[in-house]
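Student: Below is the structure I would like to discuss, written out as structure tokens.
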Amino acid sequence: MTKKMALIALVAGALFLSGCNQQGKDAAAPKVEAVAQAPLVAPPADNAQAWKLYLVNVAKQHMEGIRSSPFMYYLPSQDAEDFDEQYQRQVDNVGGAVMRGVLPGNMLAFGSPASGRMADLIVEAFQHVPAGSMKDVRVLFIGSSDDLERVRTAVEPSGANVVFHEVK
């Protein structure tokens, strides 16, 4: 992971955690919760920062029963200058993580304006995961319904629970 991507992941995680830790602390907490539960509309594909915030907000809506901060995986629009390099790095990151194992109660969240390529990444990363090794892990796929069945087929043998959020 590049320093820039690590920083973005850190900021997204901090934003996520700060939102979780504010509940009940002040009068603004209900407003934050109401915003998080509002229907989400995906930003333009070429706005990477807005997309990352969108993914964090979608992941927040699917955290029930999850005990740790989610592992977030993002790919930019396919017309990004270094898309192929970012794609390969993410395949390597995800493949390594799922092969080492993910503890029950964790969530892996995947999203991209390039839904088909994100589905390709998930399929590739999960191809060598031992059957049943990810029981009680949630895999959130944020993408197009056209790609959902490929993701399910790749992930479900691992024992992970696939959750889908359609990009609107």
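Here, each number is a calculation from the coordinates, and none is a lab measurement. Note that the structure is a prediction, hence the values are computed from the model and not measured. Neighbour counts are summed over all protein chains in view; Cβ atoms, including those assigned to glycine, are modelled from backbone coordinates with ideal geometry.
Student: Hand me the trypsin sites (Lys or Arg not before Pro) from the range 56-141 located in a DSSP loop with no more than 16 other Cβ atoms within 10 Å, in residue order please.
Tutor: Here the trypsin sites (Lys or Arg not before Pro) that fit, given the DSSP loop and packing criteria, are 67, 135.
Student: While we're looking at this one, here's another question. Would the range 32-118 count as rounded, prolate or oblate if I go by the C-alpha gyration tensor, calling it rounded below 1.5 in a/c and otherwise prolate when a/b exceeds b/c, oblate otherwise?
Tutor: Judged from the Cα gyration tensor, the range 32-118 comes out oblate (a/c at least 1.5, b/c at or above a/b).
Student: Further question on the same structure: Evaluate the distance, in nm, between pseudo-label points positioned 7 Å from the Cα of residue 163 and of residue 49 along their respective Cα→Cβ axes.
Tutor: Computed distance between label sites residue 163 and residue 49 equals 2.8 nm.
Student: A further question follows. Would you calculate the separation in nanometres between label points at residue 67 and residue 133, each defined as 7 Å from the Cα along the Cα-to-beta-carbon direction?
Tutor: 2.0
Student: Along the charge dipole of the range 128-168, which of 143, 133, 167 sits closest to the positive end, that is, farthest toward it, with unit charges on the beta carbon of Lys, Arg, Asp and Glu (+1, +1, -1, -1)?
Tutor: Of the listed residues, the answer is 133.
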